[in-house]
Amino acid sequence: MLEVKDVSKLYSERRGVQHIDFSMARGEVVGFLGPNGAGKTTTMRMITGYLHPTSGSISIDGISMADHGGMARSKIGYLPESPPLYPDMTVKSYLRFVADIRGVSVRERSVRISEMVDRLGLQGRENQAIRGLSKGYKQRLGLAQAIIHKPDLLVLDEPTSGLDPNQIVEIRQLIRELGEQHTVLLSTHILPEVNTLCNRVIIIHQGQIVLDELPEQLGTALGQESKLHLIVKGTAAEVVEAITVIPEIAHIESESNDQEVHLQVTAKEQVDIREALFFTLANAGYPLLEMKRESTSLEDVFTRLTTEEESGDAQI
């Protein structure tokens, strides 16, 4: 659906982004993350045709943005951080205006406007001036203008920025529903939003992509070892001695509490040792009361990758 090939953007003597490469398949919801100034907005503006890359190519559904910009842009819905709204227009007149410039036929226009009002929860506000809408409803209207022409690719830049907690919940639910029908590229500073909404994560730092991974593979991508937390009935020395026979174990830390032992077991090279631990403890007669994996959080990954020196050691 989206293909970004070796894209760079040069501002005078400074590079905005450098040799960006990634693609998105139809139906994916991808979180696009990075600190301020990392190149997120520059990249999204190039994808949507608002900026021309200095080098490289961008195509939407196989259509080159450079060679057939109008056709490529017709397949994109874009919600910038500040929605392009006209405060003196009413909700309905604005949607009619957007449908017109997006090429929605006169015959379909009324139907599409009604669909947007119903789908985005704008009922009862069709004839209200936009200046009188709350921030949450303005964001709903911004989403409506982005999808009224039924685009294949939806690009959302900080869609919950400045909203109160209730409005954030509402907009996230709308994005979740949109993700069932569109390919979505979502830029946000709110990392839990990515965990909730996205099935893939891209992190950009200092103009370069430093991670492109599935959320569940974040620890593997960083080369981190797999860690398990166990609670076992028994004494620390006996339990540790029992499980040291498992060759895939790299490190064991233990702490006793009455007749229970709390263990942190580190495996070698992302090996799954849960089954081996279970049967080893059972055969040795030590009841396993609890076992859980210590997962790598997106916050940990983001912090590590975006606070490294510019040397590039953090890149994957």
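Every residue, every condition in (1) surrounded by 18 or more Cβ atoms within 10 Å (Cβ to Cβ); (2) in contact with a helix residue (DSSP H, G or I) (Cβ under 8 Å, 6 or more places away or on another chain); (3) among the hydrophobic types (A, V, I, L, M, F, W, C); (4) closer than 30 Å to residue 301 by Cα, yes or no:
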| residue | (1), (2), (3), (4) |
| --- | --- |
| 27 | no, no, no, yes |
| 39 | yes, no, no, yes |
| 62 | no, no, no, no |
| 67 | no, no, no, no |
| 104 | yes, yes, yes, no |
| 111 | no, no, yes, no |
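Yes/no matrix, rows are residues, columns are (1) assigned by the TED database to the domain that holds residue 73; (2) surrounded by fewer than 20 Cβ atoms within 10 Å (Cβ to Cβ); (3) within 22 Å of the chain's Cα centre (by Cα):
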residue	(1), (2), (3)
117	yes, no, no
127	yes, yes, no
135	yes, yes, no
140	yes, no, yes
159	yes, no, yes
Of the candidates 66, 25, the one satisfying the condition of being within 30 Å of residue 218 (Cα to Cα), small (Gly, Ala, Ser) and in contact with a Ser or Thr (Cβ under 9 Å, 6 or more places away or on another chain) is 25
By my count, strands (runs of 3 or more DSSP E) wholly in the stretch 1-63 with at least 3 residues that are touching a residue at least 24 places away in the same chain (Cβ under 8 Å) and farther than 12 Å from residue 204 by Cβ are 2-11, 55-60
For the stretch 305-313, check the following and say yes or no: at least one residue is surrounded by 13 or more Cβ atoms within 10 Å (Cβ to Cβ), at pLDDT 80 or above, in contact with a Ser or Thr (Cβ under 9 Å, 6 or more places away or on another chain) and of a type in the set (A, V, I, L, M). no
Residues in the stretch 275-293 that are buried (at least 17 other Cβ atoms within 10 Å of the Cβ) and over 15 Å from residue 262 (Cα atoms) total 2
Counting only residues that are surrounded by fewer than 20 Cβ atoms within 10 Å (Cβ to Cβ) and outside any helix (DSSP H, G or I), the stretch 177-205 contains a total of 7
Residue count, the stretch 115-152, condition out of contact with any helix residue (DSSP H, G or I) (no Cβ under 8 Å at 6 or more places or on another chain) and not in a loop (DSSP other than H, G, I, E, B), comes to 8
message = Condition first: of a type in the set (S, T, N, Q), in a strand (DSSP E or B), over 30 Å from residue 259 (Cα atoms) and in contact (Cβ under 8 Å) with a residue 24 or more places away in the chain. Can you find one or more residues in the stretch 213-233 that meet it?
response = no
Filtering the stretch 234-253 down to residues that are touching a residue at least 24 places away in the same chain (Cβ under 8 Å) and either hydroxyl-bearing (Ser, Thr, Tyr) or part of a helix (DSSP H, G or I) (or both) yields 235, 236, 238, 239, 242, 243
Restricting attention to the stretch 50-70, the residues that are under 20 Å from residue 208 (Cα atoms) and within 21 Å of the chain's Cα centre (by Cα) number exactly 2
Scanning the stretch 34-58 residue by residue, those among the hydrophobic types (A, V, I, L, M, F, W, C) and touching an Asp or Glu at 6+ places or on another chain (Cβ under 9 Å) turn out to be 44, 58
Within the stretch 254-264, the residues that are touching a residue at least 12 places away in the same chain (Cβ under 8 Å) and not hydroxyl-bearing (Ser, Thr, Tyr) are 255, 259, 260, 261, 262, 263, 264
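The values are calculated or read from the model by the stated rules, or taken from the named source; none is laboratory data. Keep in mind the model is a prediction, meaning the values are calculated, not measured. Every residue, glycine among them, receives a Cβ derived from its backbone with ideal geometry; neighbour counts consider all protein chains shown.
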